[in-house]
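Some notes on the structure that comes next.
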Number of protein chains: 4
Amino acid sequence: MKTPKTKSFAPIGHKRWVIPEGWIPPTSHGPEPAMLSHEAACVLNISDREAHLEFTIFYSDREPVGPYKITVPAHRTRHIRFNNLADPEPIPRGTDYASLIESDVPVIVQHTRLDSRQSENALMTTMAFAGIESIA
Amino acid sequence: MKTPKTKSFAPIGHKRWVIPEGWIPPTSHGPEPAMLSHEAACVLNISDREAHLEFTIFYSDREPVGPYKITVPAHRTRHIRFNNLADPEPIPRGTDYASLIESDVPVIVQHTRLDSRQSENALMTTMAFAGIESIA
Amino acid sequence: MKTPKTKSFAPIGHKRWVIPEGWIPPTSHGPEPAMLSHEAACVLNISDREAHLEFTIFYSDREPVGPYKITVPAHRTRHIRFNNLADPEPIPRGTDYASLIESDVPVIVQHTRLDSRQSENALMTTMAFAGIESIA
Amino acid sequence: MKTPKTKSFAPIGHKRWVIPEGWIPPTSHGPEPAMLSHEAACVLNISDREAHLEFTIFYSDREPVGPYKITVPAHRTRHIRFNNLADPEPIPRGTDYASLIESDVPVIVQHTRLDSRQSENALMTTMAFAGIESIA
C-alpha cells in the first residue's frame, strides 16, 4: 500500500547547510559502485515542491568553486556523491574540501563517507550543520 | 499505556525527526542477529505516556511509503531495525531511502548502521534531525 | 605554558542530554583497556564549578535504573565508559539501552562506541541530544 | 586579510564550538600522512574576513592548556589535525582530552578521527557542539 499521491507533509528542514569535512579517498577496494570510496550528501525533500540545490565547494588554498546545481524532486530523497559532481569541475581526490549547500525549499542533509582504501571498509556519518539565515 | 511506578522525568525531545541517509547493506558476514548488516532508529521515550510512532520511507524514484506504525512504551527505549519493517511493505536492500519519524509524544532518535558486508564490520551513527514544527 | 588557574571560560553547554543508542559489545579483541569494546559518554565541564552528573539507564523491557552518580571537576573532561558503571548495578552486555544524563551545571556530552568484536575495530561517534528544559 | 574577488556568502556558523571527545591513537598502520592515526577539527570560514581561532585543550587530571592559535583565511576550509598542535605544547598520545574552539568570526566545525592502530582503519565523525554565547 503506497501513500496516496495527494498527501502532503508538514514542512521540515532548512535552506542552508554546511559540511566542513570533505575528502574523497583516492583509492578503493571491492566491487563498484557500492564499495567505491565516496563521500555523499544525502538530501531529503519532503515538500510538495521540487528543490533546486546549489553546492559550493571550498578549498584550503584556492577560491571556492560552484555552483554545482542539483535537483531533488518533491517527496524524494537523493544521495548525492561528491565524486560525481562534474560541472563546473570535478573535485580532486585526496584533497581537503568543505561544502555549502543552498536550497530554495527546506531540506535535510546528512553527510556520509565510505572509505574502502583498505580491504575492509570504514564508514562515518553526521547530520550536516543547518543555518537559519536566509539566502543572500 | 503504562503508568510509571515511582518516578517521572521532565519532558525532553521532539515529535518529528528525519534521517536522510538510508541504505540497508544487501549482504552480511558473521553470526546473526548481532552481526547482521542493518540500519536502526534508536528511540528513547522518557515520558509517562506510550509513544505512537509513524515512519514514512522516502525513495529516489517513487512515492513515499507508509505509515509504518511502531509503539514505544513509557520509560522505554526501542532500537528499531529498518530491516524488520514489514507493513505496508519491506524496504528493499541496497536501495537509497530516507525516513520521516513522527510521534505523538516527544522522543529522541539516533541513527546507526552496522555494515558487515565484509569480514570486518563498519559502524556509523548520528543523532537524527529534529523538527520543531507541529504534526500536520 | 599552562593556562593560569585564575582563568574562567564563558558558559557553554546544557544540563540535560540524551543518548538513545546504547549497546555494549559483549566481546573484544586486542589489548585492554584501549581496545576493549566499550561505549563512552565524553563530558566536558568548562565551568568553574564541579559538575554532579546523574545517569539514568533506560531499557526496552524493564524500568529505568539509576541514578549513577558521576563527578566532573571544574575545567576538566571525563570520558566515562558505560562498561564501568557499577552502582546501583552494571549494564548488561549485548543489551539495548539508552541514557539520560542530568547535570547541575552546563556540560557538553559526546557519545562514542569502540567495537572490537572482530579483529579490526569499528568506531562511531555523535554529539548527544541536548535538552533545554530545566531539571524536574 | 583576503578580499574576495567576486562573491560574498551570507553569514553562517558560530563563534564557539566544543568537542568533548578527544584521544589521539598512539600507533598507526599504513602510509603517512593519509593513513596516520589522527584527530581533526575541520573548519569552514565562508565569511569575507580571516578567522582567528583559539583552541583550548582540557584534560581529565590537569589544568587546561592554550591558547593554540590557528588562522583560517576568508572563503577557505582548514582541516586541522590535533596531532600537529605544538605551541604551547603537543597533545600527548593515548590521552583523554576535550577541546574548546573560539573564533572571532562565525565558522563551522566538524570532528573526525581516523584510527589506523590496526591493519584496517576505522573512522568516526560528528558535527561539533555550537555555543550561542558571546566570547568572554
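Looking at (1) within 14 Å of chain A (Cβ to nearest Cβ); (2) surrounded by fewer than 23 Cβ atoms within 10 Å (Cβ to Cβ); (3) more than 21 Å from C:Val107 (Cβ to Cβ), which is the only condition D:Pro88 fails?
(1)
Checking B:Asn84 against (1) touching a residue at least 24 places away in the same chain (Cβ under 8 Å); (2) within 12 Å of the chain's Cα centre (by Cα), which test does it fail?
(1)
Output the number of residues of region A:24-34 satisfying the condition of being of a type in the set (A, V, I, L, M, F, W, C) and at the interface with chain B (Cβ under 8 Å from one of its Cβ atoms).
1
Assuming A:Val43 fulfils every condition listed in (1) surrounded by 14 or more Cβ atoms within 10 Å (Cβ to Cβ); (2) part of a loop (DSSP other than H, G, I, E, B); (3) within 14 Å of chain B (Cβ to nearest Cβ) apart from one, which condition is it?
(2)
Does C:Ile132 qualify as being modelled with pLDDT under 95, within 12 Å of chain D (Cβ to nearest Cβ) and under 27 Å from B:Ala130 (Cβ atoms)?
Considered against the rule, which asks whether it is modelled with pLDDT under 95, within 12 Å of chain D (Cβ to nearest Cβ) and under 27 Å from B:Ala130 (Cβ atoms), C:Ile132 comes out as yes.
Please go through (1) more than 10 Å from every other protein chain (Cβ to nearest Cβ); (2) more than 29 Å from C:Arg117 (Cα to Cα) for B:His75 and return the number of the only condition it doesn't satisfy.
Exception for B:His75: condition (1).
Determine which member of the set D:Leu53, D:Leu36, D:Leu44 is of a type in the set (A, V, I, L, M) and without any contact (Cβ under 8 Å) to a residue 60 or more places away in the chain.
Criteria check complete, one pass: D:Leu53.
Conditions first: (1) within 14 Å of chain B (Cβ to nearest Cβ); (2) under 26 Å from A:Ala34 (Cβ atoms); (3) polar (S, T, N, Q). A:Ser99 passes all but one, so which condition is the exception?
A:Ser99 satisfies every listed condition except (1).
Identify, from the list A:Glu63, A:Glu54, A:Glu21, A:Glu50, the residue that is surrounded by fewer than 18 Cβ atoms within 10 Å (Cβ to Cβ), at the interface with another protein chain (Cβ under 10 Å from one of its Cβ atoms) and among the acidic types (Asp, Glu).
Every option except A:Glu63 fails the conditions.
Filter region B:36-80 down to the residues that are at pLDDT below 95 and more than 17 Å from B:Leu100 (Cβ to Cβ) and list them by number.
Within region B:36-80, B:Leu36, B:Ser37, B:His38 qualify.
Would you mention how many residues in region B:66-77 are crowded, with 20+ Cβ neighbours inside 10 Å and either of a type outside the set (Phe, Trp, Tyr) or free of Cβ contacts under 8 Å to residues at least 12 places away in the same chain (or both)?
Qualifying residue count, region B:66-77: 5.
Determine if region C:112-124 includes at least one residue that is buried (at least 16 other Cβ atoms within 10 Å of the Cβ) and closer than 24 Å to C:Ala10 by Cα.
no
What do you reckon, is B:Ala10 within 12 Å of chain C (Cβ to nearest Cβ), part of a loop (DSSP other than H, G, I, E, B), touching a Leu at 6+ places or on another chain (Cβ under 9 Å) and at pLDDT below 95?
no
The values are calculated or read from the model by the stated rules, or taken from the named source; none is laboratory data. Since the structure is predicted, the reported quantities are computational estimates derived from the model, not experimental observations. Neighbour counts run over all protein chains shown; Cβ positions are idealised from the backbone, glycine included.
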